[in-house]
1. Would you mind ranking 14, 169 by Cβ crowding within 10 Å, fewest neighbours first?
2. Starting from 0.36 nm per residue, how many nanometres of slack lie between residue 159 and residue 92 once their C-alpha separation is accounted for?
3. I need 121, 29 ordered by Cβ neighbour count within 10 Å, fewest first.
4. Give me 106, 92 sorted ascending by neighbouring Cβ count inside 10 Å, so fewest comes first.
5. Lys/Arg Cβ at +1, Asp/Glu Cβ at -1, dipole of the chain taken about the Cα centre: which of 91, 130, 175 is farthest positive-ward?
6. Specify whether the C-alpha gyration tensor of the chain places it in the rounded, prolate or oblate class, a ≥ b ≥ c being the square roots of the eigenvalues: rounded for a/c under 1.5, otherwise prolate if a/b is larger than b/c and oblate if not.
7. State, as an integer percentage, the relative contact order of the chain based on alpha-carbon contacts under 8 Å between residues 6 or more apart.
8. Would you list which lysines come within 17 Å of residue 14, measuring only between C-alpha atoms, while excluding same-chain residues fewer than 8 positions from it?
Amino acid sequence: MTPSQITSGYLSGKFLVAMPQMGDPRFERSVIYLCAHTAEGAMGLVVNRALEDVLLPDLLSQLNIPDTGSANAIQVHFGGPVETGQGFILHSADYMQDSTLMVGGSVGLTATLDILKDIARGAGPTRSLLALGYSGWGAGQLESEIQANGWLIVPADEALLFDHDLETKWARALAKIGVDITLLASGAAGHA
């Protein structure tokens, strides 16, 4: 991958998969769906870490949104350490609002109360993932972390993105590019 591909938005719609030597415990063994990547920075959502103490029906209740029971199956994820009170929903392209940002052509990103209302009444997208907070990088920061072997870039697909088996998502994301996690020892990654 050339530096111009990294800075041209090329990584939007890809997974960033944390290497074992990731120094930040907030991102240890994380899989991040990269929603935007430009010369000004990058934004993504961790898609393999559920918030154990936050349930969607409780959030809906706090927001005074009636729940018809449709929200029970949706896990709330830790999207990242930035703006942890802000909700973001990644979803299938069968649902659109004026404010929906399409990422990679087949995944939408919507951050409005209207999508939560639609999900609660069973009229939301077929597939969705709700995250509180996001992961963000300033200009050149993500590129530096990639060059320092902090992240691997993996092609994203909807099956893995929306899969509910969070425990194995990291290993399965690595397997997509032929990486065997048993061969990755902490700190053992070399530089090419």
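1. Going from sparsest to densest Cβ surroundings: 14, 169.
2. Once the chain is fully extended between residue 159 and residue 92, it gains 23.1 nm.
3. Result, fewest neighbours first: 121, 29.
4. 106, 92
5. In the chain, that residue is 175.
6. prolate
7. About 27 percent, as a whole number.
8. 169, 176
Read-outs: derived from the displayed coordinates by stated rules, not from any lab. Everything numeric here is computed off the predicted structure, so don't read it as measured data. Quick reminder, even Gly has a Cβ in these numbers, built from the backbone with ideal geometry, and neighbours come from all protein chains shown.
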